[in-house]
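Enquirer: Mind looking over this structure? Questions follow.
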Amino acid sequence: MRRSYRLLAISLLAVLVLAACGAPAPAAPEAAAPVASGPVVNRLGITLPEDALPLEQQVFRYPSKEQKYMTWDASVYEENDGDNYGWPDSCVRPDKDFNPQPNVCESWSVSEDGKLWTFNLQQDKVWSDGVPLTANDFVFTFQRYARADYDFEWFYSMMGIKNWAQVVSGELPPEELGVKAVDDHTFTIETDYPVPYLIKIMADAWVVPQHIVKDRLDDGTWALKPENYVSAGPFVLQSYEKGKRLVFVANDKYTGPYPPMVDKVIVEFMEPEVRFAAYKNGELDAVGGGYTDDLPPSAMAEIMANPELKKELISWPNFITYYLFFDTWNPPFDNLKVRQAFSHAIDRDKIVNGPLQYQAVAAYTMNPPGFPGENVEGLKDVQAFDPELAKQLLAEAGYPNGEGFPKLTMYTREANPALTNAAEAIAAMLKENLNLTVEIQNLDYGSYMDALRAQKREKSGNFLFALVPYEFDFVDGSNMLSVWGGCENAGADLSQMPGRHTWYNQEYNNLLCEAGQLLNDEARRNELYQQAERILIEDVALVPIYHGIFNALVKPYVKGPMFEPNSKGQVTWNRFRFSSRESQIYMSSSTRE
Amino acid sequence: MIRYILTRLLGLLFVLLVLSMITFWLMHGVPGGPWAYGQQLMSDQQLEALKARYGLDKPVWQQYLIWLGGVVQLDFGMSFQHPDESVAGLIGRTWPVTLHLGLLTILVAFGVGVPLGIISAVKQNTWVDYLATLLSIFGFVTPHFVWGILFILTFALYLKWLPTGGWEGPQYWVLPVLAYAFAPIAMIARYTRASVVEALRADHVRTARAKGLSERSIMSRHVLRNALIPMVTVFGPLIPDLITGSIFIEAIFRIPGLGGYWVTSTFDRDYPMIIGLVMLWAVLIALTYLITDVLYVFLDPRVRIR
């Protein structure tokens, strides 16, 4: 017995010593940068610039969250990063000013009546398994997008493709869809009406490998099998270490205008809260630039105070609007004066100069500055901050000094720290300026969307008031305004009207509908969008609060065409979908200016 | 004894059945579904298509029977979060990592906590005792994610000794184990101290001293053995807690373990995974109490199972 206690004591001591000593430190993550001897040529045979690090150091690492699916055609909201550069390729690619440029589709034309588009494909394009990419792959792609359980089906429905709704519902077979192959390298898209922005949506025509997927109704698991790792893009998946990372390598079969320079892209799975620390410790080459909160207000304060980090910072305005919306079909927000009172009671400047410094600019419109059809100058005074006017309007609406006003809950949807700060500031301003009590409640995505849907479908009014963002999908005046309406189906019930919120205006819908089908006259279209937005803002369908600014940190040894400014002089760090980013960078032995 | 254990296990089956029913109804009562919502409001047709895809278009009682039918054949269904993995497969992939972390943590927690408790009991009301108490209180009141962040700041960012996270080798284990072990160390040290102090005051210890036994012999044979009984009661339930992981520790240190799934399964409405985890937890807790009860027999001659 005694001996066993001694043994126990010794082993406990051993554990103690082990715990105290720890283990050897890892290799220094930021290795010194040896210059390559001779030119660096990657596996596509592309010669990298002279200052490039050796090929084995051409590895770019950034963080992301692990998701359910791998590919765009499975789910757009629940797919892993690499979805755009490591699996498919798109018909066209946006340049730095979001203008569509040839990609897999080398050229295109549209018929006189604007209802038939013809696309000509690159001749020598193959998948990474060597199988040629043909027009039939694009036909299959659209047939695959046209399925009821696809979460991005709504986006492609905006293209007005002939028989779209009937194929989605299963009334017509997929062969009846208005997308047809003419020959191996040509396909056409027939639409029900002219769609001037169709070419912009073609930047998101991410081609699906028909010879691999086969079943257009596949549940999306096809891409989780290693034997199905095929790509038409600049990279191809090498390994998926579940719970840890994705490793993409340059696709040596890639031919096209955006060949990769780096040899590998590694997507490290980690929660937003720990990414900044990992970046500072040299475990990542870039962080931020999305609207997950990689760089929360606390990180921004640290970056601004640190000259080294500040040099690595890239900031650019994002086309995203955070807005308050109301249930205008039920009291108390069916009264315009109440909504106006709210719109004048919120001091946006205080919010964007306070808790959201470096992350936002004040918003008075749905369309952000620089977006087609925007009218920031013309509308900025409609909802200007004016607490006296706000009080007066609330009194005129029958609630002098907030008396008798129902207790409110302001909902947010999976709010990040910045949004929570903004919500708290708004609640405080409503208390201070209108003497209203507002409680904030954050909902997870599912609960929020169910409540939003119920509010519109049942016109119930249980879900009165919320603060949420909307980020653009393509740069066209129609895109962000479509949140609030669109072409009406004659005689439809209010609950079935286009738009997601409980606000309705026939004139607004007519303007959007007219502009959405107007071909070859962008100026006139944008004029119509400006008229529509005036209605939206004057009727206080929403109270815009702020437009987001994206912030990213990129290590100074990352260089390449990605860092050339756009026509407005802005350098951005947009994700591949909007920038072809992973093809536009390499690892250098020198630092960027 | 064997009969006693068998009876307890049979009782567990009944508990699991009732628990699974309650969990099933509760989780399906929460709004939302396992699908991606996107930005647009879904049409009725879309919603129907999605429900059918996940097998949620049938009444809840039917879904329950289908699930139960699978469980009888040891099939717990496919996870919704990882559509290519079964619930059993997903737990089988992630739990070993969490077990690894949990066992290391238990080793450190007991390795530090028990001696700390014994020392402060023996050196009662001296500076050693006060220091140990102070440490324990710190451990108690500070959540492990705060330790985690402090350790990252200190050992990764400031001293550059260790990586901020990941799970690739021994140097990646140090910080999460220490952060995770802090609270259990505190708890173990406090309970050990209390038990040992009480045992030290017992009559038989005074008798042992009176008859001239060596101090070491008194401690090992008379004090510690008696102090173990209350300790087992308290420490038993600590173990299932530590070996099933913590979302905070695993998220902060990027550990690909099971810890996160206790939370993400709920957010993602991963129904098969939720109920799978609830069953796992129930079994672990029940087994721990069973083992604790059986241990009493060995530790305390007064306890007999009939």
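Enquirer: Treating only the Cβ of Lys, Arg, Asp and Glu as charged (+1, +1, -1, -1), what charge dipole size does chain B show about its Cα centre? Round to the nearest 20 debye.
Expert: Values: 22 positive and 17 negative charges, 319 e Å.
The calculated dipole for chain B is roughly 1540 debye.
Enquirer: Between the chain alone and the structure with every protein chain in place, find the residues of region B:7-35 that drop at least 10 Å² of accessible area; heavy atoms, 1.4 Å probe.
Expert: Buried by the other chains: B:Pro31, B:Gly32, B:Pro34.
Enquirer: What distance in nm separates the simple spin-label points at A:Lys253 and A:Ala428, each placed 7 Å from Cα in the Cβ direction?
Expert: For the pair A:Lys253/A:Ala428, the computed spacing is 5.8 nm.
Enquirer: Distance between the C-alpha centers of region A:402-467 and region A:86-102? Whole Å please.
Expert: Answer, in whole Å: 38.
Enquirer: Please tell me the relative contact order of chain B in percent, rounded to the nearest whole number, where contacts are Cα pairs under 8 Å and at least six residues apart.
Expert: In percent, rounded to a whole number, it is 27.
Enquirer: Taking 50 Å² as the minimum loss, tell me which residues in region A:149-171 lose that much accessible area going from the chain by itself to the full protein complex (1.4 Å probe).
Expert: A:Asp149, A:Trp154
Enquirer: In terms of Cα to Cα distance under 26 Å, which lysines are near enough to B:Lys58, apart from those fewer than 8 places away along the same chain?
Expert: Qualifying lysines at Cα under 26 Å: A:Lys68, A:Lys456.
Enquirer: How much area per residue is accessible in region B:166-264 when the probe is 1.4 Å and only protein heavy atoms are counted (Å²)?
Expert: Numbers: 4050 Å² over 99 residues.
Averaged over the residues of region B:166-264, the accessible area is 41 Å².
Enquirer: Which FRET efficiency value, to the nearest 0.05, is calculated for B:Leu56 and B:His204 with the Förster distance at 41 angstrom and r the Cβ-Cβ distance?
Expert: Numbers: r = 63 Å, r/R0 = 1.55.
The formula returns an efficiency of 0.05 here.
Enquirer: In nanometres, what is the gap between the two model label sites at B:Thr292 and A:Leu172, each 7 Å from Cα along Cα-to-Cβ?
Expert: For the pair B:Thr292/A:Leu172, the computed spacing is 6.7 nm.
Enquirer: Another question, if that's okay. Would you tell me the accessible area of A:Arg575, worked out with a 1.4 angstrom probe on the heavy atoms of the protein chains, in Å² to the nearest 10?
Expert: Around 80 Å² of this residue is reachable by solvent.
Enquirer: May I pose another question? What quantity of accessible surface, computed with a 1.4 Å probe and excluding non-protein components, is buried in total between chains A and B, in Å² to the nearest 100?
Expert: So the buried area, both faces added, is about 5100 Å².
Enquirer: Under a cut-off of 13 Å between alpha-carbon atoms, report the aspartates and glutamates in cross-link reach of A:Lys337, not counting same-chain residues fewer than 8 places apart.
Expert: Counting by Cα, and skipping residues close in sequence, A:Lys337 has these aspartates and glutamates nearby: A:Glu396, A:Glu538, A:Asp539.
Enquirer: Of all DSSP beta bridges located in the protein assembly as shown, what percent are antiparallel, nearest 5?
Expert: Antiparallel bridges: around 80 percent, rounded to the nearest 5.
Enquirer: Within region B:183-247, report the trypsin sites (Lys or Arg not before Pro) that DSSP leaves as loop and that have at most 13 other Cβ atoms within 10 Å.
Expert: Filter output for region B:183-247: B:Arg201, B:Lys211.
Enquirer: Here's a follow-up. Report the net charge of residues surrounding A:Met300, where surrounding means a beta-carbon distance below 11 angstrom and charges are Lys +1, Arg +1, Asp -1, Glu -1.
Expert: -2
Enquirer: Label B:Asp44 and A:Asn353 with points 7 Å out from Cα along Cα→Cβ: what is the distance between them in nm?
Expert: Those two pseudo-labels are separated by 5.2 nm.
Enquirer: Is the shape of region A:479-551 best called rounded, prolate or oblate, per the rule: a/c under 1.5 gives rounded, else a/b larger than b/c gives prolate, else oblate, with a ≥ b ≥ c the square roots of the Cα gyration tensor eigenvalues? Walk me through the intermediate numbers first.
Expert: Working: a/c = 1.83, a/b = 1.10, b/c = 1.66.
Because a/c hits 1.5 or more and a/b fails to exceed b/c, region A:479-551 counts as oblate.
Enquirer: Check A:Leu121: other-chain or 5+ apart residues with amide H under 5 Å from its amide H, H built from backbone geometry?
Expert: Here the answer is A:Glu106, A:Thr186, A:Phe187, since their amide H atoms fall under 5 Å of that of A:Leu121.
Enquirer: With contacts defined as alpha carbon pairs under 8 Å and 6 or more residues apart, what's the relative contact order of region B:1-147 in percent?
Expert: Numbers: 40 pairs, mean separation 13.2, N = 147.
This gives 9 percent for region B:1-147.
Enquirer: What is the magnitude of the charge dipole of region B:186-273 about its Cα centre, with +1 placed on the Cβ of each Lys and Arg, -1 on the Cβ of each Asp and Glu, and no other charges, expressed in debye to the nearest 20?
Expert: Using only the charged Cβ atoms, the result is roughly 720 debye.
Enquirer: Work out the FRET efficiency for A:Arg524 and B:Leu150 from their Cβ-Cβ distance, taking R0 = 51 Å, and round it to the nearest 0.05.
Expert: Working: r = 61 Å, r/R0 = 1.19.
The pair A:Arg524/B:Leu150 has a calculated efficiency of 0.25.
Enquirer: Then there's this: Using modelled amide H (1.01 Å from N, peptide plane; none on Pro or chain starts), what sits under 5 Å from the amide H of A:Met410, excluding residues fewer than 5 places away?
Expert: A:Glu439, A:Ile440, A:Gln441
Enquirer: Step through the residues of region A:45-52 one at a time and calculate ³J(HN,Hα) from phi using the Karplus curve (6.51 cos²θ - 1.76 cosθ + 1.60, θ = phi - 60°), rounding each to whole Hz and writing x for Gly and Pro.
Expert: Once rounded to whole Hz, the list reads x, 8, 7, 7, x, 4, 7, 5.
Enquirer: Follow-up question, since we're still on this one. Quick check: convex hull of the Cα atoms in region A:384-543, volume per residue, rounded to a whole Å³?
Expert: 142 Å³
Enquirer: Positive end of the charge dipole of chain A (Lys, Arg +1 and Asp, Glu -1 on Cβ, about the Cα centre): tell me which of A:Phe563, A:Asn375, A:Thr186 has its Cα farthest that way.
Expert: My answer, from the dipole projection, is A:Phe563.
Enquirer: For B:Ile5 and A:Ser460, FRET efficiency with R0 = 41 Å and r from the beta-carbon atoms, rounded to 0.05?
Expert: 0.15
Enquirer: Still on this structure, I have one more. Taking a ≥ b ≥ c as the square roots of the eigenvalues of the Cα gyration tensor of region B:159-306, is the shape rounded (a/c under 1.5), prolate (a/b larger than b/c) or oblate?
Expert: Verdict is oblate for region B:159-306.
Enquirer: Work out, step by step, the length gained on full extension between A:Lys380 and A:Thr591: first 0.36 nm times the residue separation, then minus their alpha carbon distance; give nm to one decimal.
Expert: 71.8 nm
Enquirer: With a ≥ b ≥ c taken as the square roots of the eigenvalues of the C-alpha gyration tensor of chain A, please select rounded if a/c is under 1.5 and otherwise prolate if a/b is larger than b/c or oblate if it is not?
Expert: In terms of gyration-tensor shape, oblate.
Enquirer: Give me the angle, in degrees from 0 to 90, between the Cα long axis of helix B:170-200 and the longest principal axis of the Cα atoms of chain B, rounded to the nearest 10.
Expert: 50 degrees
Enquirer: Let me ask something additional. Under a straight-distance cross-link criterion of Cα-Cα below 16 Å, which lysines are reachable from A:Lys65, leaving out those fewer than 8 residues away in the same chain?
Expert: Partners within reach: A:Lys242, A:Lys244.
Enquirer: P(r) of region A:100-214 in 5 Å steps, Cα pairs, percent per bin?
Expert: Spelled out bin by bin, region A:100-214 gives 2, 12, 23, 26, 21, 12, 4, 1 percent.
Enquirer: A further question follows. With a 1.4 Å probe and every protein chain kept in, tell me what percent of the accessible surface of region A:215-341 is carbon plus sulfur. It would help to have the intermediate numbers written out before the result.
Expert: On the way: 2150 of 4210 Å².
Within region A:215-341, the accessible surface is 51 percent carbon and sulfur.
Enquirer: On to the next question. Enter the Cα centre distance for the pair region A:221-277 and region A:348-394, rounded to the nearest angstrom.
Expert: Answer, in whole Å: 40.
Enquirer: Additional query: Within region A:547-584, list the residues whose amide N lies under 16 Å from a label point set 7 Å along Cα→Cβ of A:Arg43.
Expert: Of the residues in region A:547-584, A:583 have backbone N under 16 Å from the label point off A:Arg43.
Enquirer: Helix B:271-299 sits at what angle to the longest principal axis of chain B, using alpha carbons and giving 0 to 90 degrees rounded to 10?
Expert: Helix B:271-299 sits at roughly 20 degrees to that axis.
Enquirer: In whole Å, how far is the Cα centre of region A:161-185 from that of region A:47-62?
Expert: Cα centroid of region A:161-185 versus Cα centroid of region A:47-62: 44 Å apart.
Enquirer: For a 27 Å ceiling on Cα separation, which of these pairs sit above it: A:Lys380/A:Lys431; A:Lys162/A:Lys459; A:Lys350/A:Lys391; A:Lys200/A:Lys555? Walk me through the numbers before you get to the answer.
Expert: Details: A:Lys380/A:Lys431 24 Å; A:Lys162/A:Lys459 32 Å; A:Lys350/A:Lys391 19 Å; A:Lys200/A:Lys555 32 Å.
Table pairs above 27 Å Cα-Cα are A:Lys162/A:Lys459; A:Lys200/A:Lys555.
The values are calculated or read from the model by the stated rules, or taken from the named source; none is laboratory data. Worth saying up front: this structure is predicted, and the values here are computed from it rather than measured. As a convention, Cβ positions derive from the backbone with ideal geometry for all residues, glycine included, and neighbour counts pool all protein chains shown. The protein model used for the area step is the full one, side chains on, heavy atoms only, and it has no ligands, DNA or RNA in it. Shrake-Rupley method; radii C 1.70, N 1.55, O 1.52, S 1.80 Å.
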